[in-house]
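S.K.: Pasting a structure here, questions to come.
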Amino acid sequence: VSARPFKRVERRLAGRRVLHTDATASARMARVRRAGTAPELVVRRAASLAGLRYTVSNKDLPGSPDLANRTRRIAVFVHGCYWHHHGGRCVKSTVPKSNRAFWLAKFAWNRARDRATRRALTRMGFTVVVIWECQVADPGRLSRQLARALPG
Ligand SMILES: [Zn+2]
């Protein structure tokens, strides 16, 4: 899967000034792309509590997991609810009102890429744990969730 078609449409829409990738969206994007964001730090703390040793620079692994333990073959992703489009009842996975079809397609593509990443890691023998941004609020619950998800 390639992001190119979306980049092209995004540029075209931006040129016609109909795509509002300004303030809100790009601020969100910047927050998501910056390493060591608040949810990520909370998950790191919870992982340590759950007894998981990890590295945070994992660009050699598919999807660059936020936390990884190569010996135990564990990959943890901390997904922002907006860009990874959590869906369901998550209040953070909103869709912009303008260019709705474009954003729905883009979020669908993001999710397809996440699935492909999980599959690739699973094929490599990794256990993949996905923690959603909106689930990070309760550290106690989070470390129990991690402890359950991690293979002995
Ligand atoms: Zn969510």
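What follows is calculated from the coordinates using simple rules that are stated; it is not laboratory data. All figures in this text were calculated on a predicted structure; none of them were measured in a lab. Cβ sites come from the backbone with ideal geometry, for glycine too, and all protein chains shown count toward neighbours.
S.K.: Tell me yes or no: at least one residue of the range 119-126 is in contact with a Pro (Cβ under 8 Å, 6 or more places away or on another chain), within 16 Å of the ligand (Cβ to nearest atom) and touching a residue at least 40 places away in the same chain (Cβ under 8 Å).
M.R.: No, that holds for no residue.
S.K.: Considering the range 51-77 alone, what residues qualify as being over 15 Å from the mean Cα position of the chain (by Cα) and closer than 17 Å to Leu150 by Cβ?
M.R.: Gly51, Leu52, Arg53, Tyr54, Thr55, Asn69, Arg70, Thr71, Arg72, Arg73, Ile74
S.K.: Within the set of pairs 6+ apart or on separate chains, which have a first residue in the range 74-91 that is under 11 Å from Asn110 (Cβ atoms) and of a type in the set (Phe, Trp, Tyr), a second that is in a loop (DSSP other than H, G, I, E, B) and near the ligand (Cβ under 8 Å from one of its atoms), and C-beta atoms under 6 Å apart?
M.R.: Tyr82/Lys92
S.K.: In the range 62-91, what residues are in contact with a Cys (Cβ under 9 Å, 6 or more places away or on another chain) and over 16 Å from Asp114 (Cβ atoms)?
M.R.: If the condition is that a residue be in contact with a Cys (Cβ under 9 Å, 6 or more places away or on another chain) and over 16 Å from Asp114 (Cβ atoms), then Val91 is the only one that fits.
S.K.: Now for a different question. Scan the range 72-117 for residues that are closer than 17 Å to Pro5 by Cβ and within 16 Å of the ligand (Cβ to nearest atom) and jot them down.
M.R.: Result: Phe107, Asn110, Arg111.
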